[in-house]
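Enquirer: One structure is given below, represented as structure tokens, and several questions about it will come after.
The values are calculated or read from the model by the stated rules, or taken from the named source; none is laboratory data. Please read all numbers here as calculations on a predicted model, not as lab measurements. In this analysis, Cβ positions are derived from the backbone assuming ideal geometry, glycine residues included, and neighbour counts consider all displayed protein chains. Calculation scope for accessible area: heavy atoms of the full protein, side chains included, ligands and nucleic acids excluded. Shrake-Rupley method; radii C 1.70, N 1.55, O 1.52, S 1.80 Å.
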Amino acid sequence: MPADVTLGRGGVNVGYVLTQRARLNPDDVAIRFDDVSLTYAELNQRVNRLATGLARLGVGKSDRVAVLMMNSHHHYEILFACAKLGAILVTVNFRLVADEVRHIIDDSRPTVFIHGVEFVALVDDLRTGDSLPVHTVLVGDGTVESQLAYEAVIRAPATEPETPVGLDDPLIIMYTSGTTGNPKGAVLTHANVIFTSFNQIADWQLRESDRCLVVAPLYHVGGLLVLAFPCLHLGGTVSIRRSFAPEEILRSIHDERITTLFLAPTMWNMILQREDLESYDVSSIRLCCSGGEALPIALMERLIALFGADFTDGYGLTEGTSCSTVLRPEHVITKTGSVGTPFLHNAVRVVDEDDNDVAVGETGEVIQQGPTVMQGYWRRPDATAWALRNGWLHTGDVGRFDEDGFLYIVDRKDDMIITGAENVYPAEVEQVLYRHPAVVEAAVIGLPNEKWGQLVTAVVVLRDPTDVSEEDIVEFCRDKVAGYKRPRRVIVTDALPRNASGKVLKRVLRDECSGGSRVPAGKRA
């Protein structure tokens, strides 16, 4: 047996999954990315070298390693290296602006910050404060003064780490946009990741022979853990694309004989819009997964016809390690609009304000229990206690069960907007709008949009509607929030609808703006 393949001296955990695969499938291809192809033995060796290199930089158990980069094979190298060291991977959304990244770095306090060459300017911006850790590591071609090169860090002995790491130890911190301000870091454990993999393997009948294509961003649970990690868990091959491009996706399916694919509804729709679909052989696909928002039945039927494959949908959230319920292939047409029933190892209920189950057909809050539920929010004990009260994860989503036990999501969490499969929480954008000197009141809502699902829309009351334009307000937000969070439409109104306690009635606002009945003086669209 090779010296770098020890048998669980550090414990059975996510890192041990790769150690075992390197023993069982050493010559099988684990990951492909651009011109890189790594077998399980090669991947495990690079992971062990990286773990040794990170340890030399001071990374130990429970220390954080932050990552900001476009999709690549490096994400999984870092994930497995952290797993073997007992360290915690902090994934950073590459679409955030400097101030948003600064909050995550300040909150998570990483020992090492690894970033892609595309983000050198942003990282330089972070240097103006005390946000950056002592060690920053650059991935990609070129050199930057005071920064280490990733491949230099990885030039270390390929010794299998023996740090004791258990299933209940934290592995990942993923930040979710806050409804009342800054994002919170959901802490996911080794057990969370392994059980969400078990769920998918069981309910989607995944196979060792599967070839999974990863397009969704790897800073998100959908990209990192849906289909991709289970594929590695089983010993299959994961092909990674830097970003989404419909032509590249179709070419990859054609050339690499991809069998499983997860995309957001917006991405599926963009593929269907191509006029050259018949030029590609997509017959290898056997499982198509969608998530993040509802997929219209008309699109689903076209996708099933195009790929001749099983199609599945579902519901999940970062705090539940991505997968909560699944709409299995045999139900996607007969139960259209539903997000299905709980995955194998999950329990889901719909309850009233006192956590009592509501009757079939009645709406209430969706709550979840099981081994995929997060450990809590990083450094936020009050928020953790509120979210995990009474032993259940309270999602804040409103749903109902039908007579067959199928769940339907009626409204999204705290008026969250989903645009292009990205989550936007209105409060975060509203705080920026309120900093504009002309804005008296502001409410951010999502309005239906054929391309993006929802369009981020700002409804504002201005001191003098003649002094500021829609473009002025959009431009004001440009360097303060990520591009996908910025309002794409601004509506000026005389007053926002409120209830007796003064809370803005966003459901009323959405209905009025969508239906065109709200045409106040000074409106600009």
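Enquirer: Just the number, please: percent antiparallel of the DSSP beta bridges in segment 236-336, rounded to the nearest 5. Before the final figure, lay out the partial values.
Expert: On the way: 3 of 10 bridges.
Of all bridge pairs located within segment 236-336, approximately 30 percent are antiparallel.
Enquirer: Per DSSP helix of 4 or more residues, -39500 (n - 2.57); summed, then divided by the residues of the chain. What does that give at 222 nm, rounded to the nearest 500? List each step's numbers first, then the result.
Expert: Details: 16 runs with 151 residues, N = 525.
Value at 222 nm, helices only, nearest 500: -8500 deg cm²/dmol.
Enquirer: Between E256 and S243, what is the label-to-label distance in nm when each label sits 7 Å out along the Cα-to-Cβ direction?
Expert: Those two pseudo-labels are separated by 1.8 nm.
Enquirer: Once the piece of chain linking D276 and D382 is laid out straight, how much longer is it, given 0.36 nm per residue of separation minus the C-alpha distance between them?
Expert: Values: separation 106, 0.36 × 106 = 38.16 nm, distance 5.28 nm.
So the extension gain works out to 32.9 nm.
Enquirer: Test of understanding: what is the full-extension gain from D99 to E475, defined as 0.36 nm times their sequence separation minus their Cα-Cα distance? Provide the component values of the computation, followed by the final result.
Expert: Numbers: separation 376, 0.36 × 376 = 135.36 nm, distance 1.66 nm.
Result for the pair: 133.7 nm of gain on full extension.
Enquirer: Name the residue farthest towards the positive end of the dipole of the chain from the options L38, P296, A443, assuming +1 on Cβ of Lys and Arg, -1 on Cβ of Asp and Glu, about the Cα centre.
Expert: Ranked along the dipole, the leading option is L38.
Enquirer: Additional query: Working from Cα positions, state the angle (0 to 90°, nearest 10) between the long axis of helix 74-85 and the longest principal axis of the chain.
Expert: 70 degrees
Enquirer: So for the chain: antiparallel DSSP bridges make up what percent, rounded to the nearest 5?
Expert: Values: 46 of 84 bridges.
About 55 percent, rounded to the nearest 5.
Enquirer: I'd like to know which of T196, V120, V134 lies farthest towards the positive end of the charge dipole of segment 110-229, counting +1 on Cβ of Lys and Arg and -1 on Cβ of Asp and Glu.
Expert: Checking the options against the dipole of segment 110-229, the answer is T196.
Enquirer: Please give the FRET efficiency for D494 paired with A427, using the beta carbon to beta carbon distance and R0 = 22 Å, rounded to the nearest 0.05. All intermediate terms of the calculation are to be shown ahead of the outcome.
Expert: Working: r = 23 Å, r/R0 = 1.03.
With R0 = 22 Å, the Cβ-Cβ based efficiency is 0.45.
Enquirer: Return the FRET efficiency for the residue pair R507, E441: r is the Cβ-Cβ distance, R0 is 30 Å, and the value is rounded to the nearest 0.05.
Expert: On the way: r = 17 Å, r/R0 = 0.58.
For R0 = 30 Å, the calculated efficiency reads 0.95.
Enquirer: Moving to a separate point now. Mind pulling the angle between the C-alpha long axis of helix 40-56 and the longest principal axis of the chain? Nearest 10 degrees, somewhere in 0 to 90.
Expert: The angle comes out at about 80 degrees.
Enquirer: While we're looking at this one, here's another question. Can you pull out the trypsin sites (Lys or Arg not before Pro) in segment 312-399 whose DSSP state is coil and whose Cβ has at most 14 other Cβ atoms within 10 Å? It would help to have the intermediate numbers written out before the result.
Expert: Working: sites: K335, R349, R379, R389; in loops: K335, R379.
Listed in order of number, the matching sites are R379.
Enquirer: Considering only S243, G223, T19, whose Cα is most displaced toward the positive end of the charge dipole of the chain, charges sitting on Cβ of Lys, Arg (+1) and Asp, Glu (-1)?
Expert: T19
Enquirer: Moving on. List the relative contact order of the chain as a percent without decimals, with contacts defined as Cα pairs under 8 Å and 6+ residues apart. Before the final figure, lay out each step's value.
Expert: Working: 1134 pairs, mean separation 58.1, N = 525.
Once divided by the residue count of the chain, the mean separation gives 11 percent.
Enquirer: Turning to a different aspect of this structure: If you put +1 on each Lys and Arg Cβ and -1 on each Asp and Glu Cβ, how big is the dipole of the chain around its Cα centre, in Debye rounded to 20?
Expert: Values: 51 positive and 70 negative charges, 127 e Å.
Computed about the Cα centre, the dipole is about 620 debye.
Enquirer: Pulled fully out, how much extra length does the chain show between A121 and D28, if you take 0.36 nm times their separation in residues and subtract their Cα-Cα distance?
Expert: Values: separation 93, 0.36 × 93 = 33.48 nm, distance 3.83 nm.
Stretched out fully, the A121 to D28 stretch lengthens by 29.7 nm.
Enquirer: Averaging sequence separations of C-alpha pairs under 8 Å and six or more residues apart, then dividing by the length of segment 276-410, give the relative contact order as a whole percent.
Expert: Details: 235 pairs, mean separation 25.6, N = 135.
Rounded, it is 19 percent for segment 276-410.
Enquirer: Using the heavy atoms of the protein chains and a 1.4 angstrom probe, tell me the accessible area per residue for segment 359-504 in square angstrom.
Expert: Per-residue value: 45 Å².
Enquirer: Considering the alpha-carbon set of segment 165-259 alone, what are its Rg and its Dmax in angstrom?
Expert: Rg then Dmax for segment 165-259, in Å: 15.2, 46.
Enquirer: Under the Kirkwood approximation applied to all pairs of distinct alpha-carbon atoms, what is the hydrodynamic radius of the chain in Å?
Expert: On the way: mean 1/r = 0.0415 Å⁻¹.
Every distinct Cα pair counted, the radius reaches 24.1 Å.
Enquirer: Can you give the FRET efficiency for R389 and L57, using 1/(1 + (r/R0)^6), R0 = 45 Å, r = Cβ-Cβ distance, to the nearest 0.05? Provide the component values of the computation, followed by the final result.
Expert: On the way: r = 39 Å, r/R0 = 0.87.
E between R389 and L57, to the nearest 0.05, is 0.70.
Enquirer: Measuring from label point to label point, each 7 Å out along Cα→Cβ, what is the V410 to A305 span in nm?
Expert: 3.5 nm
Enquirer: Measuring with a 1.4 Å probe in the full set of protein chains, what accessible area per residue, in whole Å², belongs to segment 225-286?
Expert: Details: 2180 Å² over 62 residues.
I get 35 Å² per residue for this part.
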